[in-house]
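A short reminder: the numbers here are calculations on the coordinates, not readings from a lab. Note that this is a predicted model, so its numbers are computed, not measured. Backbone-built Cβ (ideal geometry, glycine too); neighbour counts: all protein chains shown.
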Amino acid sequence: MAEVGGIAVDRLRAFVERIERLEEEKAALAADIREVYSEAKGTGFDVKTLRQIVQLRKLDQAARQEQEHLLDTYKRALEL
């Protein structure tokens with residue numbers, strides 16, 4: 001294994017290439033997600049609301065309830 005300045009070149013190259021492949025996959029997934037949102041919008045769903053639902057579903061029940069409680073509290077305080 002070649003070293004330059006104490007750095008294992010082959011190991012470094014392998015990490016960089018893995019990161020590049022993952023970045024390409026991430027870009028492809030992002031495009032797929034945009035396409036799904038576009039399709040949902042085309043059938044009449046509100047994309048902004050869908051994004052909120054996806055975020056809420058990522059939270060566990062306690063965190064979701066806390067967030068909803070805070071939102072309700074803020075809305076009441078601002079008389080919304």
**Prompt:** Which of GLY5, GLN65, VAL16 sits closest to the plus end of the dipole of the chain, meaning its Cα is farthest towards the positive end, when Lys and Arg get +1 and Asp and Glu get -1 on the C-beta?
**Reply:** GLN65
**Asked** Where the only charges are on Cβ atoms (+1 Lys, Arg; -1 Asp, Glu), what is the dipole of region 1-44 about its Cα centre, to the nearest 20 debye?
**Response** 100 debye
**Message:** Angle check, please: helix 47-58 long axis (alpha carbons) against the longest principal axis of the chain (alpha carbons), in degrees 0 to 90, nearest 10.
**Reply:** 70 degrees
**Item:** Sequence-distant lysines (8 or more away, or on other chains) whose Cα lies within less than 25 Å of LYS75
**Value:** LYS48, LYS58
**Prompt:** About the Cα centre of the chain, what is the dipole size in debye to 20, counting +1 per Lys and Arg Cβ and -1 per Asp and Glu Cβ, all else neutral?
**Reply:** 220 debye
**Request:** Just report the Cα centroid separation between region 1-41 and region 59-80, whole Å.
**Result:** 37 Å
**Theoretical gain in end-to-end length, LYS75 to TYR37 [0.36 nm per residue, Cα-Cα removed]** = 10.9 nm
**Request:** With springs connecting C-alpha atoms under 10 Å apart, model the chain as a Gaussian network and identify which of ALA40, ALA63, ALA31 has the largest mean-square fluctuation.
**Result:** ALA63
**Item:** Loop-located GluC sites (Glu not before Pro) in the chain whose Cβ has at most 11 other Cβ within 10 Å (DSSP)
**Value:** GLU79
